[in-house]
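**Student:** Please find one structure pasted underneath; my questions will follow.
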Amino acid sequence: MDLADTAARLGVPVEEVERVHRLAGDRPSAPLPDRADAPAILDRLAVRPDDAAEIMAGWPGPDSPRWTPELRWLLDRSVALVRADLGGHGWLPPGPALPRERGPAWRHLYVYAYLALVDVVRGYHRDHGIADDVSWTTLADLGRNLAVDRRMRGEGWPVMQSWLTLHARGGVYELGRLQHQRGDTIGLHIPESGPMTPAAVDASLDAARAFFPRHFPDERHTEFSCGSWLLDPQLREYLPAGSNIIRFQRRFTLEPYQEPDGIDADVEVLRFVFRTLSTPPDRLPRDTALRRAVLDHWAAGRHWRWRVGRFPI
Ligand SMILES: CC(C)(COP(=O)(O)OP(=O)(O)OC[C@H]1O[C@@H](n2cnc3c(N)ncnc32)[C@H](O)[C@@H]1OP(=O)(O)O)[C@@H](O)C(=O)NCCC(=O)NCCS
């Protein structure tokens, strides 16, 4: 196979195709579910009707002309790449960011990869005795991410496609309000699902305290951790002490600030507070206390910081 030619046809850098080729090798892939079963699966994965319709329209049937050989290769090898790291919990891009405007196959290639991996990761969950409801709730982050990406006009997807490989490898679990990522510590993530009240956070932490020793008895966790714009103490200059974000911050001991590798906190704030990466600041809304805080901070020539914190389990 000519990797340079494949990369050119996919419209992506050749190094990215070489990476997929190297990591996936000739390892086993996994088949997609039957097309007839797909609507019910998409429903369980909380995929909204507009996204589900697009996914069904672009379905990689054996005769579909829009599925060129290089797209089929990437889908197959991307599944193999993620599957090869089943049980892993590090950051793992499933392949190159594609020019998604070229059509539904391009737009949703990594969604089809995720669908192929549902059975694989469900087997992993079963092997660890994880209940069906935790399994499906965790995997249903797909629908939430697709809906956010639609609001973001596609700007969210390049990160989401990598984030979702954690779910597909058994690396992250949604337990109540928070998502918990296996690792040296239990890494906390906060999905967009309404306010994060202290009571909901407490309940989620308690659920994790029971969940991990029970389902991963060989792993020993002593701390929860979080890396986020939400932990930036500068937010205390703007938000009331009783706000959920400030109350969440108080749980953590912060690590000394270090410029993070590859993360620009101002961009992450745009992503999570305004759900856009490209709207100029003067056109962003000032309709909540946090949005006003963010914009005033920038207007004063200041920047947000990505902070990492921990607390004992
Ligand atoms: C984390 C999150 C749930 C906190 O929301 P919350 O519980 O409402 O937080 P607070 O009580 O501290 O909110 C204080 C104020 O900021 C506003 N606010 C909080 N998060 C906001 C957000 N993401 N976008 C816009 N406004 C927000 C609230 O509406 C409130 O303003 P108001 O008093 O004018 O209504 C919310 O920011 C969110 O859903 N974020 C997206 C996911 C995310 O950021 N995850 C972390 C990724 S690193």
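The values are calculated or read from the model by the stated rules, or taken from the named source; none is laboratory data. For clarity, every value in this text was computed on a predicted model and none was experimentally measured. Heads up, the Cβs are rebuilt from the backbone with ideal geometry, glycines too, and the neighbour counts pull from every protein chain shown. Ligands, DNA and RNA are excluded from the accessible area calculation, which covers all protein heavy atoms including side chains. Shrake-Rupley method; radii C 1.70, N 1.55, O 1.52, S 1.80 Å.
**Student:** If the elastic network links every pair of Cα atoms under 10 Å, which of 118, 12, 148 fluctuates the most in the Gaussian network model of the chain?
**Tutor:** Between 118, 12, 148, it is 12 that shows the largest mean-square fluctuation.
**Student:** Out of the range 241-309, which chymotrypsin sites (Phe, Trp or Tyr not before Pro) are coil in DSSP terms and have no more than 12 other C-beta atoms within 10 Å?
**Tutor:** 257
**Student:** Would you mind working out the magnitude of the charge dipole of the range 198-312 relative to its Cα centre, with +1 at each Lys and Arg C-beta and -1 at each Asp and Glu C-beta, to the nearest 20 Debye?
**Tutor:** 380 debye
**Student:** Mean-square fluctuation check for the chain, GNM, Cα pairs under 10 Å: which of 270, 115, 142 is largest?
**Tutor:** Evaluated over the chain, the most mobile residue of the options is 270.
**Student:** Please give the contour-minus-distance gain from residue 185 to residue 35: 0.36 nm per residue of separation, less the Cα-Cα distance, rounded to one decimal in nm.
**Tutor:** Extending this stretch completely gives an extra 50.1 nm.
**Student:** Now, a different point. Apply 1/(1 + (r/R0)^6) to the Cβ-Cβ distance of residue 218 and residue 119, taking R0 = 25 Å, and write down the FRET efficiency to the nearest 0.05.
**Tutor:** Calculated value: 0.55.
**Student:** Between beta-carbons, use under 12 Å as the cut-off and find the net charge around residue 243, counting Lys and Arg +1, Asp and Glu -1.
**Tutor:** Working: positive: 236, 247, 250; negative: none.
With Lys, Arg at +1 and Asp, Glu at -1, the net is +3.
**Student:** Right, another one. Give me the distance in nm between label points sitting 7 Å out from Cα along the Cα-to-Cβ direction at residue 3 and residue 257, one decimal.
**Tutor:** About 4.0 nm, to one decimal.
**Student:** What length, rounded to one decimal in nm, is gained on full extension from residue 153 through to residue 91, with 0.36 nm per residue of separation minus their alpha-carbon distance?
**Tutor:** Length gained between residue 153 and residue 91: 19.9 nm.
**Student:** Hey, another quick one. Helix by helix, which DSSP H runs in the chain go 20 Å or more along their axis at the Cα atoms and have an average Kyte-Doolittle hydropathy of 0.0 or more?
**Tutor:** 69-83, 198-215
**Student:** Still on this structure: Based on the Kirkwood radius over alpha-carbon pairs, what value in µm²/s does the Stokes-Einstein equation return for the translational diffusion coefficient of the chain at 25 °C and 0.890 mPa s? Working shown, then result.
**Tutor:** Details: Rh = 20.8 Å.
The estimated diffusion coefficient comes to 118 µm²/s.
**Student:** So for the chain, averaging the separation of alpha carbon pairs under 8 Å that are six or more residues apart and normalising by length, what relative contact order in percent results?
**Tutor:** Working: 423 pairs, mean separation 50.7, N = 313.
In percent, rounded to a whole number, it is 16.
**Student:** Right, here's the next one. Within 10 Å, count the other beta carbons around each residue, average over each peptide in 216-223, 173-180, 48-55, and list them highest first.
**Tutor:** 173-180, 48-55, 216-223
**Student:** Once you have the Cα-Cα distance between residue 292 and residue 43, take 0.36 nm times their residue separation minus that, and quote the gain in nm to one decimal.
**Tutor:** Contour length minus the Cα-Cα distance gives 86.0 nm.
**Student:** Placing +1 at every Lys and Arg Cβ and -1 at every Asp and Glu Cβ, with all other atoms neutral, what dipole size does the range 3-170 have around its Cα centre, in debye to the nearest 20?
**Tutor:** Magnitude of the dipole: close to 200 debye.
**Student:** Would you mind getting the accessible area per residue of the chain, heavy atoms of the protein chains only, 1.4 Å probe, in Å²?
**Tutor:** Per-residue value: 47 Å².
**Student:** Still on this structure, I have one more. May I ask you to derive the FRET efficiency for residue 50 and residue 246 from their Cβ-Cβ distance with R0 = 51 Å, giving the value to the nearest 0.05?
**Tutor:** With a Förster radius of 51 Å, E is 0.90.
**Student:** Any chance you could get the radius of gyration and Dmax over the Cα atoms of the range 43-140, in Å?
**Tutor:** 14.3, 41
**Student:** Arrange the residues 141, 296, 2 by how much accessible surface each exposes, largest first, with a 1.4 angstrom probe.
**Tutor:** 2, 296, 141
**Student:** Turning to a different aspect of this structure: Would you mind telling me which residue in 260, 93, 31 has the biggest mean-square fluctuation in a Gaussian network model of the chain, where springs connect alpha carbons within a distance under 10 angstrom?
**Tutor:** Largest GNM mean-square fluctuation: 260.
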